[in-house]
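As structure tokens, the structure follows; a few thoughts come after it.
Bear in mind these aren't lab numbers, they're just calculated from the coordinates by the rules spelled out. Model, not experiment: these values are computed from the prediction.
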Amino acid sequence: MPLVSIDLQVIPWINSEGVSSLISDSINMYNLNTNVWQMFSNNAEEYWYFPEGIHVEQFDSLFQIEGDIVADTAYYFTDKELWHAIGNVVVKNSLGRIFKTSELFWDLKVPPNTMNAFYTNRPVRIIEPDSTYIDGNEGFTADRSLIKSFFYKTKGEFIIEESPDTSQQGIISSDSIQLQ
């Protein structure tokens, strides 16, 4: 019987359907749900591919949902620990703030309380629980909790509460805004 050569750059080495998986990374726990989960390996890097969408929930130590992310398509680059979500990306954080964009990167290597864990240069709409919103026309960056965020080229409807001594606070340019 002749040997058959398989190109692992084109054909997944694992193909799973109807997946619901609980994943732990020693800090957080995630519940991952997808219709199709494919794993690829090539000389450059190993990655996971979710061609029919993905839903990931993040839990705290008491299994309370801290946030979730939904996208039409997603990639996870295992060596880089980087998620790339594409198409109708919707993320909800622990405060109920909803982020909507067409593309989002989630870098798991970024330390807590630092920016750039989540980022995109695509337009993003952030909807607050009180229904006010901010549009970041050239994207945003945020920390791992999606609590501290910085938006580029902003517009929208939002409520700003000024502190008693605003003269001591930094000035934010009119084309960007930082939320905390």
Would you kindly state how much longer the chain becomes between Asp130 and Lys155 on full extension, computed as 0.36 nm times their sequence separation minus their alpha carbon distance, in nm to one decimal? 7.3 nm
Cα centroid of the range 82-109 to Cα centroid of the range 118-152, whole Å: 9
